[in-house]
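Heads up: the structure comes next, in structure tokens.
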């Protein structure tokens with residue numbers, strides 16, 4: 001029996017971790033990646049999150065072997081894929097990849113696309129199995145051009161999974177799909193990857209995708225890894241102000257820390273870790289509660305359906321954003337006061 | 001190895017070589033082969049100390065040079081006018097039977113020009129169609145049309161499609177909003193054509209007219225048959241007894257052709273900016289009372305370029321098959337037909353294979369050095385086939401160790417491959433561009449090595465474009481006369497040389513039948529490769 005599908009679960013441990021050590025790429029004067037190290041435990045999904053041009057796709061291509069690193073190493077399952085001495089070509093890596101637009105071979109039908117990476121023996125069975133896995137059984141004879149965007153990405157996934165790779169790389173596979181389809185397919189793929197327990201790196205610039213898909217989220221900016229943590233930790237305890245704002249809406253307000261907590265314009269706030277006395281405290285808008293009357297004036301109200309977003313300003317010109325579930329309960333121009341009602345948060349050294 | 005790699009990197013940066021070293025290692029020798037004929041042409045002029053300048057200003061040169069230029073300019077202008085007018089009538093007016101004319105108008109392309117000239121001569125020869133038609137009316141056949149006017153008529157009749165095709169595509173695709181905007185801004189029909197339609201169409205007409213110019217400059221068959229002395233007939237006549245003169249004239253001809261091609265390319269690049277993207281069909285003008293004259297004009301053009309010559313050929317072929325004038329053995333055409341197909345197919349396949357690495361560099365990696373490679377190959381297309389054949393024939397005759405190639409089949413194939421290489425190169429470049437980089441990468445991540453990627457991904461994807469490019473080479477090689485006359489082995493007959501020799505010997509029935517076969521084969525190919533895919537039929 002060929003393929004990852006045969007040894008679901010049992011094979012996960014033997015496939016091992018995916019490790020990137022001190023990877024550098026690009027010229028010295030214009031580095032694309034600088035000293036990037038990540039570790040993806042076997043059988044888990046790591047998402048690479050960052051703005052466009054941060055080097056996340058380059059990192060993916062380096063893991064696949066499609067680019068040559070200047071320094072650093074890549075290991076999968078304890079095997080060296082790329083070291084300073086020897087860079088293994090992509091065709092010898094057993095690393096599967098799903099490209100942004102699928103990159104299906106247009107001259108081959110669905111079955112032939114999926115069979116491309118398989119040895120001759122047992123091909124038909126493995127193709128059928130892979131297609132069933134992504135819910136496309138029966139479409140074997142179709143041409144890629146006749147498929148919808150979502151179907152194309154499913155075929156691409158089946159094609160990458162069929163040879164039973166040691167690791168799977170996904171490069172923004174949902175970017176070209178329309179939003180409702182994206183949510184469904186994301187849930188489906190996420191469940192599938194969990195079931196197969198295949199070590200996966202998923203690149204996205206969309207915070208929602210990153211959080212939903214990833215056991216671990218790796219935030220990148222300008223060729224460096226800024227933080228690598230489970231989604232909830234990343235959201236509640238970001239490593240620096242930039243990450244705090246990048247993974248969600250953030251108020252960064254001046255505060256005075258005493259170790260346990262900090263005094264801010266929203267009152268006393270509990271801290272998850274010690275901070276310097278003069279600091280900037282992260283207040284997520286949905287952790288703030290609005291009460292009638294007080295020092296703040298409501299400048300603007302935006303109703304989103306599931307919640308309402310208020311923009312506040314005080315007499316000194318400081319701004320604050322608050323989110324509350326449900327329909328607006330205040331109007332523009334109303335006075336209000338603000339309270340913190342959330343988990344212990346973090347504070348950064350005042351800039 | 002690291003040192004070699006570093007050295008290559010340094011050279012590559014200076015010369016703007018982009019792409020992998022091995023590709024350059026393959027491509028440079030191929031490009032060098034393409035440059036051989038022109039380099040030899042120049043070298044011969046230098047080493048022989050042949051007085052190129054003296055010859056240029058001598059009376060012996062002045063007349064043929066002037067004739068060549070006069071004819072080329074006259075035919076280009078007439079073709080531009082005819083082609084544009086027909087394009088406008090069939091694409092932008094309510095001419096009756098437009099769809100039918102759109103297919104017929106480019107068809108004179110299928111007629112090799114020397115066959116058309118032979119047909120013109122045959123029509124007026126004793127016992128020809130003209131006499132047969134006029135005699136019952138009690139009229140004598142008029143004198144044959146020869147010399148300048150004969151050449152002008154024949155060449156214009158078969159060359160105007162070079163203008164028609166691009167002009168029709170352009171006129172058909174011009175977005176109607178442009179003209180509507182012009183009308184709303186208060187311009188009349190004529191002003192709109194002059195200020196909006198023509199500026200958008202001019203580039204296409206110019207490009208077509210350049211092809212006509214190059215075609216006429218390099219034409220040998222028509223002017224030789226119709227007795228109009230040009231550079232190419234002088235070169236052909238003097239090649240054996242006054243080779244230095246031939247080479248000097250050849251250099252002048254090559255320089256003239258390359259200069260015109262270069263000037264046009266530069267102008268075209270500039271005028272390409274500011275062109276509206278193609279849209280839906282443009283507005284259509286009602287011809288009103290001009291409908292009949294317009295239809296007549298189209299009929300005359302297509303009649304002269306296609307219907308009349310084919311009718312004449314068929315007439316002689318029919319007479320021959322009916323047993324008049326010594327009888328005609330159709331079986332005797334089998335050999336030449338086989339040879340024609342053999343040469344053309346091998347040339348096409350070899351050319352496509354040769355230009356593939358070049359296309360990879362020019363189509364995928366770009367850069368100035370790759371642009372230079374493209375220019376070398378394209379330049380050989382502007383240089384007349386007569387000269388390329390002349391150069392390679394003399395080269396094999398003179399160069400030590402190459403004698404075995406003299407007047408051999410490989411030499412003929414080489415001459416045609418060099419001359420028509422750019423047609424295959426353009427096709428291959430399109431093919432390379434259709435292979436998305438990521439497909440190759442996807443194949444790599446699925447474990448496919450270089451050979452498997454080439455066979456399973458790249459070649460299948462490029463196949464249609466490669467076939468189209470190779471098909472054009474096939475077509476051109478079949479129709480090529482002077483190179484075949486000069487470079488083919490003794491006693492090796494193709495359809496083209498058969499027609500040529502039969503005409504010289506006065507076997508008009510042979511001319512008719514061989515001409516019909518050649519026209520039929522080239523017609524099928526032209527339809528498949530050129531006309532069917534033309535934008536103006538979409």
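I'd like the full set of residues that are within 13 Å of chain B (Cβ to nearest Cβ) and farther than 14 Å from residue A:205 by Cβ, limited to region A:159-188.
Selection gives A:159, A:160, A:161, A:162, A:163, A:164, A:165, A:166, A:167, A:168, A:169.
Could you tell me which residue of region A:51-63 is nearest to residue A:215 (Cα to Cα), considering only residues that are within 14 Å of chain B (Cβ to nearest Cβ) and crowded, with 24+ Cβ neighbours inside 10 Å?
Among them, the one singled out is A:63.
Test of understanding: among A:156, A:197, which residue is over 24 Å from residue A:113 (Cβ atoms) and in the same structural domain as residue A:43 (by TED's automatic domain parsing)?
Exactly one of A:156, A:197 is over 24 Å from residue A:113 (Cβ atoms) and in the same structural domain as residue A:43 (by TED's automatic domain parsing), namely A:197.
Given the criterion at pLDDT below 85 and within 12 Å of another protein chain (Cβ to nearest Cβ), identify the matching residue among B:526, B:434.
B:434
For the condition under 29 Å from residue A:220 (Cα atoms), in contact (Cβ under 8 Å) with a residue 40 or more places away in the chain and under 32 Å from the mean Cα position of the chain (by Cα), what is the one hit in A:266, A:350?
Answer to the check: A:350.
Being farther than 16 Å from residue B:35 by Cβ, modelled with pLDDT under 90 and surrounded by 19 or more Cβ atoms within 10 Å (Cβ to Cβ) is true for just one of B:411, B:342, B:387. Which residue is that?
Answer to the check: B:411.
Against the condition more than 13 Å from chain A (Cβ to nearest Cβ) and in contact with a helix residue (DSSP H, G or I) (Cβ under 6 Å, 6 or more places away or on another chain), how does residue B:470 come out, does it pass?
So residue B:470 passes the test.
Name the residue, out of B:157, B:191, B:141, that is closer than 20 Å to residue B:87 by Cα and either modelled with pLDDT of 85 or more or surrounded by 15 or more Cβ atoms within 10 Å (Cβ to Cβ) (or both).
When all the criteria are applied, what remains is B:157.
Only residues that are touching a strand residue (DSSP E or B) at 6+ places or on another chain (Cβ under 7 Å), surrounded by fewer than 18 Cβ atoms within 10 Å (Cβ to Cβ) and in a loop (DSSP other than H, G, I, E, B): list them for region A:13-50, please.
Within region A:13-50, A:17 is the sole residue that qualifies.
Residues to consider are B:443, B:463, B:448; find the one that is within 9 Å of another protein chain (Cβ to nearest Cβ), surrounded by fewer than 21 Cβ atoms within 10 Å (Cβ to Cβ) and over 20 Å from residue B:351 (Cβ atoms).
Result: B:448 is the single residue among B:443, B:463, B:448 that is within 9 Å of another protein chain (Cβ to nearest Cβ), surrounded by fewer than 21 Cβ atoms within 10 Å (Cβ to Cβ) and over 20 Å from residue B:351 (Cβ atoms).
Return yes or no: is residue B:498 at pLDDT below 85 and either away from chain A (no Cβ under 14 Å) or in contact with a helix residue (DSSP H, G or I) (Cβ under 7 Å, 6 or more places away or on another chain) (or both)?
When the stated conditions are applied, residue B:498 does not pass them.
Right, residue A:308: closer than 25 Å to residue A:208 by Cα and surrounded by 15 or more Cβ atoms within 10 Å (Cβ to Cβ) or not?
Spelling it out, residue A:308 is indeed closer than 25 Å to residue A:208 by Cα and surrounded by 15 or more Cβ atoms within 10 Å (Cβ to Cβ).
Go through region B:31-50 and give me each residue that's within 25 Å of the chain's Cα centre (by Cα) and crowded, with 19+ Cβ neighbours inside 10 Å.
Passing the criteria: B:31, B:34, B:37, B:38, B:40, B:41.
Only residues that are assigned to a loop (DSSP other than H, G, I, E, B) and surrounded by fewer than 24 Cβ atoms within 10 Å (Cβ to Cβ): list them for region B:221-233, please.
B:227, B:228, B:229
Give me the helices (runs of 4 or more DSSP H) completely within region A:201-309, filtered to those with at least 2 residues that are closer than 19 Å to residue A:349 by Cα, ordered by residue number.
Per the criteria, A:231-236, A:241-246.
Can you pull out the residues in region A:67-89 that are within 11 Å of chain B (Cβ to nearest Cβ) and either under 19 Å from residue A:37 (Cβ atoms) or in a helix (DSSP H, G or I) (or both)?
A:67 - this is the single residue of region A:67-89 that is within 11 Å of chain B (Cβ to nearest Cβ) and either under 19 Å from residue A:37 (Cβ atoms) or in a helix (DSSP H, G or I) (or both).
Tally time: how many residues in region A:52-66 are within 15 Å of residue A:225 (Cα to Cα) and not in a helix (DSSP H, G or I)?
4
Please go through region A:109-137 and pick out each residue that is out of contact with any helix residue (DSSP H, G or I) (no Cβ under 6 Å at 6 or more places or on another chain) and within 14 Å of chain B (Cβ to nearest Cβ).
A:109, A:112, A:116, A:117, A:119, A:120, A:126
Yes or no: region A:90-108 includes at least one residue that is buried (at least 17 other Cβ atoms within 10 Å of the Cβ), more than 12 Å from every other protein chain (Cβ to nearest Cβ) and free of Cβ contacts under 8 Å to residues at least 40 places away in the same chain.
No, every residue in region A:90-108 fails to be buried (at least 17 other Cβ atoms within 10 Å of the Cβ), more than 12 Å from every other protein chain (Cβ to nearest Cβ) and free of Cβ contacts under 8 Å to residues at least 40 places away in the same chain.
With (1) within 19 Å of residue B:391 (Cβ to Cβ); (2) modelled with pLDDT of 85 or more as the list, and residue B:28 as the residue in question, which single condition is left unmet?
All conditions are met except number (1).
Conditions: (1) modelled with pLDDT under 90; (2) under 21 Å from residue A:264 (Cα atoms). Residue A:326 meets all but one. Number of the miss?
Status for residue A:326: all satisfied but (2).
The values are calculated or read from the model by the stated rules, or taken from the named source; none is laboratory data. This structure is a prediction, so every number in the text was calculated from the model and none was measured. A quick note on method: Cβ atoms are made from the backbone with ideal geometry, for glycine too, and the neighbour counts reach across all protein chains shown.
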